[in-house]
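> Once you've had a glance at the structure underneath, I'll fire off some questions.
The values are calculated or read from the model by the stated rules, or taken from the named source; none is laboratory data. What you are looking at is a predicted structure, and each value in this text was computed from that prediction instead of being measured. Methodologically, a virtual Cβ is constructed for each residue, glycine included, from the backbone with ideal geometry; neighbour enumeration extends over all protein chains shown.
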Amino acid sequence: MYDFRKEFLFYGPVSDLVPSTPVFEMYPFGFTTMANALHQQGYKVRIINLASMMLNDPRLDVDKLLSRLKADVFGIDLHWLPHAQGSLEVAKIIKRLHPESKVLFGGFSSSYYHQELMQYDQVDLVLRGDSTEVPIVELFNALEGKGDLGHVQNLTWKDEDGVHVNPLTFVPEDLDYLDIDYGWIVRSVIRHRDLEGFKPFKDWDRYPLTVAFTVRGCSVRCAVCGGSCAAMKNFLGRSRPAFRSPEKVAEDISNVESFLKAPVFLVGDLRQGGKQYAERFYKRINELGVKNKIILELFTPAPEDFFRDAQKNLDSYAIEFSPDSHDEVVRRALGRNFDTASMERSVRHALDHGSERFDLFFMIGLPQQTKQSALDSAAYAKRLYEVVGNDKRLFVFTSPLAPFLDPGSMAFEEPDKLGYISLARTLEEHRARLLSPSWKYVLSYETKWMTRDDIASVSYDAADVLNRVRFECGQINEDELKDRLGRTDQARQMMHQIDEVVKITDLSAKTEAFAQLKRRSEELMDSTICQKGELEWSGGSMIKSAPRALLGLIRNGRRK
């Protein structure tokens, strides 16, 4: 929400399980690949993480900063729908300060709502699809007079004749065309003397986390996911996943390592590309001598051989897995068709075969899920800890599905069929919800089994259950337990206080009441129901990687 520094909003636990703060200041990885594509064609490009800069400098004059920027095109991400309000407000400021410049939107949510975006005066262009590196070069060439906007792939645009929707024709079948050059980012930081603007999220310099993509698209049909195979087919034109060759992925990770000693999150389950995909990946990783920790993602339970191969071929690895519920009925309604026993075996096999940690995530707000089922998922953590002998490398988390249902997901497109009650359909309805005073009111859905009040209250109750389990299993000490229970209790109280303020009819009195609550709500902004620090991956700060980055630049320059 813009401006989060002035307006009141109790964010609650909506970002407890992602690296960013509840401001959602993390920009999509596509920024780097698009910037590289434009840079290779001679265009001057700069990434500025405005939200991160505002978080780290409460006195930052946004108008002054943006007025100093000179650009023919300003690109703004509306990839994740929580950016609906902030992205449009920033676009409005840019259009006021730079009326002759074009404002370009992109991302999953922009693609879904591309025609509605054209109704906003501050938006000129939208690039649709999950891969826009080639279309963005076509667009810039056309804007320079080297082509026709009508021929730019995936582009929605408007002129005096109205809105034009070009065909969604650039949907690459593989990702090897991408030029992923982390050296460009390092050089840009030096050129602009601006690490803050390039940081993917607020505390990235303290614990850098990088990513490598194996795939765009998905082979799994999770009901609440806007990136599922059903969603990709229906509104992004992708009928099957597009893979990056395993050799290229390994080289991407090696590229990261030449600049940063930091964990690399490998996006996409390695098994999606078939058994040979993983074998080829490991072969190239070993040839390159990669030492950085690699975080592997599981979509379904994996057999023991998977973890044995990871231990044999990787210097250091960890696992992230989101079964979402302990309840097989809920999981199957969600589209996760595996049994609980195989999930337990995967956790045990991973820790037996050298995984440095295993993060497992449960979610609240799912089809067929009752309040009791959500609480039982948290209690089930005790069984998981028993399976692995209370191994401290296992981390179990729980969090609500918040704040929105993903547009394009089956739950969004067919809410009645899956038991959802949709409270927001249009982009404008989602934008307006983000101005609500509490995360509970921002929620865009209820289910046949839980109201918004139920989802909010059980999120805190489940967190308490999980924290007590972790204490009983020796994962946290008594002081940590008291602190966590205290935070959830304060968050509950804050939510109830907001409910009372909402009832005040006098506008000035209501504004004053929210102002009094604001400071305390900000103190509860992070780690509301989970200890966010547990998500941090060891690897050293950006400062420790500075010499490596400089050497990487030198080596990179020699290769070029």
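> For the structure I just gave you, tell me whether Pro82 is modelled with pLDDT under 95, surrounded by 21 or more Cβ atoms within 10 Å (Cβ to Cβ) and either in the same structural domain as Lys440 (by TED's automatic domain parsing) or assigned to a helix (DSSP H, G or I) (or both). Walk me through it before giving the result.
Values: modelled with pLDDT under 95: yes; surrounded by 21 or more Cβ atoms within 10 Å (Cβ to Cβ): yes; either in the same structural domain as Lys440 (by TED's automatic domain parsing) or assigned to a helix (DSSP H, G or I) (or both): yes.
So Pro82 fits the description; yes.
> Evaluate the following for Leu209: is it in contact with a helix residue (DSSP H, G or I) (Cβ under 9 Å, 6 or more places away or on another chain) and not hydroxyl-bearing (Ser, Thr, Tyr)?
Values: in contact with a helix residue (DSSP H, G or I) (Cβ under 9 Å, 6 or more places away or on another chain): no; not hydroxyl-bearing (Ser, Thr, Tyr): yes.
For Leu209, the condition - in contact with a helix residue (DSSP H, G or I) (Cβ under 9 Å, 6 or more places away or on another chain) and not hydroxyl-bearing (Ser, Thr, Tyr) - is not met.
Conditions tested, residue by residue: (1) farther than 21 Å from Arg348 by Cβ; (2) more than 22 Å from the chain's Cα centre (by Cα); (3) in the same structural domain as Arg357 (by TED's automatic domain parsing).
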position: Val256; (1), (2), (3): yes, no, yes
position: Gln272; (1), (2), (3): yes, no, yes
position: Gln276; (1), (2), (3): yes, yes, yes
position: Phe281; (1), (2), (3): yes, yes, yes
position: Arg284; (1), (2), (3): yes, yes, yes
position: Leu298; (1), (2), (3): no, no, yes
position: Lys312; (1), (2), (3): no, yes, yes
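> Glu522 fails exactly one of the following numbered conditions: (1) modelled with pLDDT under 95; (2) more than 18 Å from Ser377 (Cβ to Cβ); (3) in a loop (DSSP other than H, G, I, E, B). What is the number of that condition?
Answer for Glu522: the failing condition is (3).
> Give the stretch 225-274 a look and list any residue that's among the small types (Gly, Ala, Ser) and either in contact (Cβ under 8 Å) with a residue 60 or more places away in the chain or over 22 Å from Ile319 (Cα atoms) (or both), or say none.
Residues of the stretch 225-274 among the small types (Gly, Ala, Ser): 226-228, 230-231, 237, 239, 242, 245, 250, 254, 258, 262, 268, 273-274.
If the condition is that a residue be among the small types (Gly, Ala, Ser) and either in contact (Cβ under 8 Å) with a residue 60 or more places away in the chain or over 22 Å from Ile319 (Cα atoms) (or both), then Gly226, Gly227, Ser228, Ala230, Ala231, Gly237, Ser239, Ala242, Ser245, Ser258, Ala262 are the ones that fit.
> Could you check the stretch 253-299 and list, in sequence order, the residues that are closer than 23 Å to Cys229 by Cβ, assigned to a helix (DSSP H, G or I) and in contact with a helix residue (DSSP H, G or I) (Cβ under 8 Å, 6 or more places away or on another chain)?
Hits for the stretch 253-299 are Leu270, Arg271, Gly273, Tyr277, Ala278, Phe281.
> So which of Val465, Val469 is closer than 30 Å to Gly389 by Cβ, in contact with a Lys or Arg (Cβ under 6 Å, 6 or more places away or on another chain) and at pLDDT 95 or above?
Numbers: Val465 fails: in contact with a Lys or Arg (Cβ under 6 Å, 6 or more places away or on another chain).
Step by step, each of Val465, Val469 is checked, and only Val469 is closer than 30 Å to Gly389 by Cβ, in contact with a Lys or Arg (Cβ under 6 Å, 6 or more places away or on another chain) and at pLDDT 95 or above.
> Does at least one position in the stretch 462-477 carry a residue that is within 22 Å of the chain's Cα centre (by Cα) and surrounded by 15 or more Cβ atoms within 10 Å (Cβ to Cβ)? First the steps, then the outcome.
Step one: filter the stretch 462-477 for residues within 22 Å of the chain's Cα centre (by Cα), giving 463.
Next, from what is left, pick out any that are surrounded by 15 or more Cβ atoms within 10 Å (Cβ to Cβ): 463.
Yes - at least one qualifying residue is present in the stretch 462-477.
> For the stretch 385-420, which residues satisfy the criterion of being among the aliphatic types (A, V, I, L, M), assigned to a helix (DSSP H, G or I) and crowded, with 22+ Cβ neighbours inside 10 Å?
Of all residues in the stretch 385-420, those among the aliphatic types (A, V, I, L, M) come to 387-388, 394, 396, 401-402, 405, 410-411, 418.
Subsequent filtering for residues that are assigned to a helix (DSSP H, G or I) retains 387, 410-411, 418.
Passing the criteria: Met410, Ala411, Leu418.
> Select, from Ala333, Ala318, the only residue that is surrounded by fewer than 21 Cβ atoms within 10 Å (Cβ to Cβ), aliphatic (A, V, I, L, M) and in contact (Cβ under 8 Å) with a residue 60 or more places away in the chain. Don't jump to the end; show me each part of the working.
On the way: Ala318 fails: surrounded by fewer than 21 Cβ atoms within 10 Å (Cβ to Cβ).
Residue meeting the stated conditions: Ala333.
> Here is a further query. State whether one or more residues within the stretch 183-204 are aliphatic (A, V, I, L, M), on the phi < 0 side of the Ramachandran plot, buried (at least 19 other Cβ atoms within 10 Å of the Cβ) and modelled with pLDDT of 80 or more.
Within the stretch 183-204, not a single residue is aliphatic (A, V, I, L, M), on the phi < 0 side of the Ramachandran plot, buried (at least 19 other Cβ atoms within 10 Å of the Cβ) and modelled with pLDDT of 80 or more.
> Please enumerate the residues belonging to the stretch 97-114 that are closer than 13 Å to Gly129 by Cβ and assigned to a loop (DSSP other than H, G, I, E, B).
Step one: list which residues in the stretch 97-114 are closer than 13 Å to Gly129 by Cβ, which gives 105-112, 114.
If the condition is that a residue be closer than 13 Å to Gly129 by Cβ and assigned to a loop (DSSP other than H, G, I, E, B), then Gly107 is the only one that fits.
> Determine which single condition Leu236 fails, assuming it passes every other condition in (1) closer than 13 Å to Asp130 by Cβ; (2) over 20 Å from the mean Cα position of the chain (by Cα).
(2)
> State which residue is nearest to Arg206 (Cα to Cα) when the search covers only the stretch 10-44 and only residues that are buried (at least 21 other Cβ atoms within 10 Å of the Cβ) and of a type in the set (A, V, I, L, M).
Once the filter is applied, the top-ranked residue is Met26.
> Looking at the stretch 26-45, can you tell me whether even one residue there is farther than 21 Å from Met1 by Cβ and of a type in the set (D, E, K, R)?
yes
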